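Notes to accompany the following structure.
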Amino acid sequence: MPNVTITKDRPGTAAGKTEPRASSWRALKLREIRAHKHSYFLMMPYMLLFALFTVLPVLMSLIISFTYFNMLEFPRFIGWQNYSRLFLEDDVFLIALKNTILFAAITGPISYLACFVFAWIINDMRPKLRAFMTLVFYAPSISGNVFFLWQLIFSGDRYGIANGFLIKMGIILEPILWLKTEQYILPIIILVQLWLSLGTGFLAFIAGLQTVDKTLYEAGAVDGIKNRWQELWFITLPSMKPQLMFGAVIQLTASLAVADVSIFLAGFPSVNYAAETIVTHLIDFGTIRFEMGFASAIATVLFILMVGTNLAVQRLLRRVGE
């Protein structure tokens, strides 16, 4: 009898068909790369810069976080000591972590919603008025002397705007040291951060609202959509998911990376570390004490916190319009 080889179909393949070999799959990918070689060539400068100035520093920071490195001696591997010191011995870092999470929990969602609501309202205005209002709302985020204004408002003497108003109204008798009193520092910085939050995310929402196809609203009216809230949920938001994702990343990253507001208004360090954040703690050890291994551990914790919160928010945004 002739030799007969009996083969069983692998799971997930149809009878009589064979799985493509790895070599044929590689050949297919190579053909696709050759077909789009001009696109890859145009992307190459950006990808090189991204790898050199973003990916490589993150990897180096992760490696250095396991070493003792004071920028004078060669890094010495010490394992998890920086992380154990960070969470078990550094009380200031725990204060900074609490403040940062509080910042993100308050300013992140509120600024995100505020950006979208203002963009939604402004989008319905006439073109010239829309351009003017966009500039008005966006200007604070790019102003250079914005902190000087808030220092005038919350100045600790009688000439401060807040103190002068409250004394004139008879609410207080003596001026309050707003930026030197622990209980007032954090709320003031949160208020200022919210005022500064209408930035890139706000512009992204304006752009996204401009790209929504107007015919979708007519089709929605035929399908039974009766009011603007239903239009917003079933048409507007699903049509601008890329902008929603981008805005979420920008707002969350900004809320977790608060530093300038704290330093300019409350000082560095602030009273009893009331305005200490992870970034200001990182600046302290990285640029003043030059404990680069410990600073890299702080940066790694912040990076993991940012990535985790962004992934969670993006998963929630995928359900918009369902």
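Which of the residues spanning the range 209-223 are more than 20 Å from VAL136 (Cα to Cα) and in a helix (DSSP H, G or I)?
Here is the first cut: in the range 209-223, the residues more than 20 Å from VAL136 (Cα to Cα) are 211-223.
Listed by number, the residues that qualify are THR215, LEU216, TYR217, GLU218, ALA219, GLY220, ALA221, VAL222, ASP223.
For the range 81-103, does any single residue satisfy the condition of being of a type outside the set (A, V, I, L, M, F, W, C), surrounded by fewer than 15 Cβ atoms within 10 Å (Cβ to Cβ) and closer than 30 Å to LEU209 by Cβ? Looking for residues that are of a type outside the set (A, V, I, L, M, F, W, C), surrounded by fewer than 15 Cβ atoms within 10 Å (Cβ to Cβ) and closer than 30 Å to LEU209 by Cβ, one finds none in the range 81-103, hence no. Scanning the range 171-218 for residues that are farther than 26 Å from GLY267 by Cβ, of a type in the set (Gly, Ala, Ser) and surrounded by 18 or more Cβ atoms within 10 Å (Cβ to Cβ) turns up GLY201, ALA204, GLY208. Filtered by the rule that a residue be more than 15 Å from ALA297 (Cβ to Cβ) and among the acidic types (Asp, Glu), the range 39-98 gives GLU73, ASP91.
Looking at the structure I just gave you, is PHE53 touching a strand residue (DSSP E or B) at 6+ places or on another chain (Cβ under 7 Å) and either at pLDDT 90 or above or basic (Lys, Arg) (or both)?
On the way: touching a strand residue (DSSP E or B) at 6+ places or on another chain (Cβ under 7 Å): no; either at pLDDT 90 or above or basic (Lys, Arg) (or both): yes.
It is false that PHE53 is touching a strand residue (DSSP E or B) at 6+ places or on another chain (Cβ under 7 Å) and either at pLDDT 90 or above or basic (Lys, Arg) (or both).
Looking at the structure I just gave you, is ILE283 more than 19 Å from PRO109 (Cα to Cα) and either in the same structural domain as TRP120 (by TED's automatic domain parsing) or among the acidic types (Asp, Glu) (or both)? The answer is yes for ILE283.
The values are calculated or read from the model by the stated rules, or taken from the named source; none is laboratory data. Computed from a predicted structure; not experimentally measured. Ideal geometry is used to build each Cβ from the backbone, glycine not excepted, and the neighbour counts take in all protein chains shown.
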